[in-house]
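Remarks on the structure that follows.
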Amino acid sequence: MTGVFITFEGIEGVGKTTQVQKAYKLLSAKHPGNVITTREPGGTPTGETVRNVILQDGADMIDGITEMLLVFAARRQHIQDVIQPSLDAGRIILCDRFTDATFAYQGGGRGVDEQLIARLQDMVQGALRPDLTLLLDAAPDVGIARIRKRSAPDRFEAETMNFFRRVRHKYLELASRHPERIHVIDAAREADKIAAEIRSLLEAKGLC
Ligand code: Z5A
């Protein structure tokens, strides 16, 4: 059996990491030892290094195309070392962000040409696409208020509200383009209510 590739998307602070953990607990009870969590950028030592590069405030401004190339480089290694082997082994993968984030952040947020992103997607991933994407959607002030309570902002978190509005807008545009894959979930609600909706979606897919 081939595995199942599930991604969690949305702007900062909407609760992706919280919901990945809840889904992991739920699915692991039904498929013990057969569910993994991972994230992008990250998931491999190379990916985590790229993550540090793009999240930290450096001496130079990283331009949008450079940022896109970095996330796709990390993604390639992630697919080779983690995602494809896990799918081949029949596992369920819960991934905190994937290529929709590149369309939303580098495309919508930074203005990188979407055709360029689409070409790299084909080159780096071949036919690999998520089976299911849970887009946690909320107005930027909701997520930003949650994370600003937490710690000093990273390079993305320090962006303007307009940047996050563009990112959110692109995510919603992707959802309307791919309704069979991307489910939009109202993330302004309590975490347990969101988890209950995700549980229903996973049940409908026969996963729990
Ligand atoms: N990036 C990119 O530009 N291009 C790409 O292709 C990819 C990524 C793949 C990775 O950061 C950065 O990389 C990202 C875009 C860029 N931008 N940033 N920053 P990340 O993975 O750390 O992303 P993040 O969105 O910043 O993660 P986050 O801040 O941890 O947010 P979250 O995972 O969505 O939320 P959370 O950690 O589950 O919850 C945040 C807080 O809210 C926490 O205190 C929770 O307890 C609380 N919380 C969670 N849910 C709720 C609800 N429902 N109500 C109230 N409070 C809640």
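The values are calculated or read from the model by the stated rules, or taken from the named source; none is laboratory data. Owing to the predicted nature of the structure, the values given are computational and were not obtained by experimental measurement. FYI the Cβ positions are ideal-geometry reconstructions off the backbone, even for glycines, and counts take in every protein chain you see. The area values use the complete protein model at the heavy-atom level, side chains included, leaving out ligands, DNA and RNA. Shrake-Rupley method; radii C 1.70, N 1.55, O 1.52, S 1.80 Å.
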Over the chain: helical MRE at 222 nm, DSSP H runs n ≥ 4 each giving -39500 (n - 2.57), nearest 500
-14500 deg cm²/dmol
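Using a 1.4 Å probe, what is the accessible area per residue for region 20-137, in Å²? Could the numbers behind the result be given before it?
Numbers: 5380 Å² over 118 residues.
Counting only protein heavy atoms, the per-residue value for region 20-137 is 46 Å².
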Just name one of Thr44, Ile93, Gln80: the one whose Cα is farthest towards the positive end of the charge dipole of region 26-135 (beta-carbon charges, Lys/Arg +1, Asp/Glu -1).
Ile93
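In region 39-96, carbon and sulfur make up what percent of the accessible area (probe 1.4 Å)? Can you show the working numbers first?
Numbers: 1470 of 2770 Å².
The computed percentage sits at 53.
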Run the count for the chain, please: Lys pairs, Cα-Cα under 18 angstrom, 8 or more apart or on different chains.
10
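Hey, any idea what Rg/Rh is for region 10-87, computing Rh the Kirkwood way over Cα pairs? If you can, show how the numbers build up before the last one.
Working: Rg = 14.8 Å, Rh = 14.2 Å.
My calculation of the ratio gives 1.05.
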Computed over all unlike Cα pairs, the Kirkwood hydrodynamic radius of the chain in Å stands at 17.3
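More than 16 Å apart: what percent of Cα pairs in region 91-143 qualify? Don't skip to the answer; put the middle values down first.
Working: 721 of 1378 pairs.
For region 91-143, the share of Cα pairs beyond 16 Å comes to 52 percent.
Relative contact order, percent, of the chain when contacts are C-alpha pairs under 8 Å separated by at least 6 residues? Display every interim value, and only then the final one.
On the way: 319 pairs, mean separation 70.7, N = 208.
34 percent.
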Using the Cα centre of the chain as the reference point, and only Cβ charges (+1 on K/R, -1 on D/E), how large is the resulting charge dipole? Debye, rounded to the nearest 20.
500
Rg and Dmax of region 163-208, Cα atoms only, in Å
12.6, 37
The simple spin-label model distance between Ala139 and Ser200, using points 7 Å out along Cα→Cβ, in nm, is 2.4
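Scan the chain and hand back the longest stretch that contains none of the GluC sites (Glu not before Pro) lying in DSSP loops with at most 11 other Cβ atoms within 10 Å.
Numbers: sites that count: Glu180, Glu190.
So the longest stretch without any such site is 1-179.
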Hand me the trypsin sites (Lys or Arg not before Pro) from region 52-149 located in a DSSP loop with no more than 14 other Cβ atoms within 10 Å, in residue order please.
Lys149
